[in-house]
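Okay, structure first, notes after.
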Amino acid sequence: MLLRLPLAALAALVALALVPALGQAAIPGAVPSVEYEGMQKLKFKMGPFTIQPGQNEIAFRGIDQKPQVPGYITRFEPNIERPDGTVPGVDVIHLHHAVWLARSYPMFASGEEKTIYQFPRGYGYRHDPKDIWGMTDMIHNLMPNEDKISITWEMDFVPLDSPGGRQIQEIEQTWMDVAGLKAYPVFDAKRSHGTKGTFTFPDQVKTAKERAKIGAAQSYVVPEDMTVVWTAGHLHPGGLYTDLKVTRDGQTRNLFRSTAEYWEPAGAVSWDVAMTATKPGYRALLRKGDKVTLHATYDTSKASWYESMGIMFMWWAKGEQPGAVDPFAGALETTGAITHGHLPENDNHGGKKAILPDARRLLSPTGPRSRGALVEISEFLYRRGDLSLDGQAQLPPTVRPGQSLTFKNRDAGEKIYHTITACKAPCNRDTGVAYPLANGPVDFDSGELGFGPKFATPTENRDSWKTPRNLKKGTYTYFCRVHPFMRGAFRVKSGKKKDKR
Ligand SMILES: [Cu+2]
């Protein structure tokens, strides 16, 4: 339960710079600020941090700078940037997630969808300079080289004693999470899950193993009358929408659907997306005892999605606010609007041209390379059958039907985690935000091979994995979900002479 950890347990405080917001490239199509008299536009930057080659780690950090006077945060705009101020491509470095914490609870959060929090006029998060701030984040380096990244956030801040401050009412937040609260609340949305190409978690969960992933924060019982004034969802690629629903006296109504609106030409498969948030006039009245539940729906028609999330942050004011609509009595507008436009960091979609050989056309290895059922992974290479290698090492190692090949991650000691994840052959095109996908003819996935405490790493806590024994004859291509430029192949074939390849 990371989010309940005392912040004193966080890593050493990191110096944080307050930089002027002037000259910053505006986010395209950003929802406009709600202006208040006396409002300050602040930009904070934490870092730069050195991001290790291939890093996919959860970090805990203290934040030692924040507004020094009491007031209200009315807008929050998260991002990452390089030391030169540019935003890296999402296919190179991405903000898997970042959660800003205060009073030992999530305050703001973002993933690569970079939703802008803009609270409606008259409402804000009350900041007390005595609050202790921290952060947990996961910056994912998809490349095998070191990088430097800062996490930035821009805030509209209205001091309590300013004319604007006196017009603002405090709102509080409830973290709804289909698989949380915990540091890494994830579930899988595979093609075999759900119906008609979509899967809703947890509604369509069938197995006990999947059921165990349902989080305590999937539901929330309203402790006193309140009015929800803002919410938006967080999903990973493949995500279609998150639904917040409310149940009262056995009846259920929709509270809000946050929809993933994709610019991605390949559809719901990448981070080239924005989530819808509630519109400025949204006021949903909840009564004491109402049960609010969260549901996350993924597209499972094109690919399987591993380590997926479904989160909605629900912001509310106490009591019945002016204009509040009781979802059981009136017509509540349950759809919203995106908070920004297409982001240029998502422009490299990938999959345009073949840059590696088609493994189905490669011969099987001969000589010493042909023996042994172990494939070691080191320095971002599958040492046998990696499509970027040459000669015998590139040829797909073979295994007889009913047997399996073992993969062992030798990079695990460097805290570099790899996966072996099925992708549809030839799986040899250029890497981008939408390529490759986990869309092999059958699903297999090793999970992230590596070690570390489950609450603080995405790993499986093992460094090896065996291919399924039930694969039919043929050539199987795979990639690493953590470093999608890594591609390999293996082959299931009988020992008979006619099986030439
Ligand atoms: Cu990898």
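The shape of segment 342-418 can be summarised by an equivalent ellipsoid whose semi-axes, obtained from the alpha carbon gyration tensor, come to 28, 19, 11 Å from longest to shortest.
Normalised radius of gyration for segment 350-501, please: alpha carbon Rg relative to 2.2 N^0.38 Å, two decimal places. Taking N as the residue count of segment 350-501, the ratio is 1.00.
Averaging the Cα positions of each part gives two centres, and for segment 260-293 and segment 469-493 these lie 36 Å apart.
Applying a DSSP loop filter and a limit of 11 other Cβ atoms within 10 Å to the trypsin sites (Lys or Arg not before Pro) in segment 129-234 leaves LYS130, LYS196, LYS206. At q = 0.08, 0.09, 0.12, 0.13 Å⁻¹ the log10 of I(q)/I(0) for the chain amounts to -0.52, -0.65, -1.08, -1.24, computed by Debye summation with a single uniform scatterer per C-alpha, solvent ignored. Listed by chain and number, the aspartates and glutamates whose alpha-carbon sits under 12 Å from that of LYS148, ignoring those within fewer than 8 places in the same chain, are GLU81, ASP84. Stretching PHE451 away from SER464 to a fully extended chain increases their span by 3.6 nm, per 0.36 nm per residue minus the current alpha-carbon distance. For ASN254 and GLU320, the difference between the fully extended length at 0.36 nm per residue and the C-alpha to C-alpha distance is 21.9 nm.
Within the chain, which cysteines find no other Cys whose Cβ is under 4.7 angstrom from their own? So far as the 4.7 Å Cβ criterion goes, CYS480 stand without a partner in the chain.
Within the shell of other residues whose beta carbon sits under 10 angstrom from the beta carbon of LEU332, the net charge comes to 0, with Lys and Arg scored +1 and Asp and Glu -1. For segment 371-458, the Cα-based Rg and Dmax, in that order, read 14.0, 41 Å. Computed on the chain, with alpha-carbon pairs under 8 angstrom and 6+ residues apart, the relative contact order is 15 percent. Projecting the Cα atoms of MET143, VAL34, PRO78 onto the charge dipole of the chain (Cβ charges, centred on the Cα centre) puts MET143 farthest toward the positive pole. The Cα trace of segment 171-347 gives Rg and Dmax of 16.1, 48 Å, the first to one decimal, the second as a whole number. The calculated FRET efficiency for ALA393 paired with VAL442, based on their beta-carbon distance and R0 = 35 Å, is about 0.90.
Taking a straight Cα-Cα cut-off under 17 Å and skipping sequence neighbours fewer than 8 places away in the same chain, the lysines within cross-link reach of LYS213 are LYS182, LYS190, LYS454. In a fully extended conformation the segment linking ARG360 and GLU37 would gain 109.7 nm over its present Cα-Cα distance, using 0.36 nm per residue.
With Cα atoms defining each centre, segment 74-122 and segment 181-233 are spaced 22 Å apart in the structure. Cross-link pairs exceeding 32 Å between alpha carbons, from the set LYS196/LYS245; LYS245/LYS424; LYS43/LYS245; LYS206/LYS291: LYS245/LYS424; LYS43/LYS245. A convex hull fitted to the Cα coordinates of segment 430-487 yields 107 cubic angstrom per residue. Within the straight-line cut-off of under 18 Å between alpha carbons, the aspartates and glutamates reachable from LYS472 are ASP443, ASP445, ASP499, sequence neighbours fewer than 8 places apart in one chain being disregarded.
Checking every one of the GluC sites (Glu not before Pro) in segment 321-420 against DSSP loop status and a limit of 13 other Cβ atoms within 10 Å picks out GLU333, GLU379. With just the Cα atoms defining each centre, how far is segment 142-176 from segment 310-378? Give it in Å. Segment 142-176 and segment 310-378 have Cα centres spaced 24 Å from each other.
Only the coordinates and a few stated rules stand behind these numbers; no lab work does. Worth saying up front: this structure is predicted, and the values here are computed from it rather than measured. Don't worry about glycine lacking a Cβ; one is built from the backbone with ideal geometry, like all the others, and counts go over all protein chains shown.
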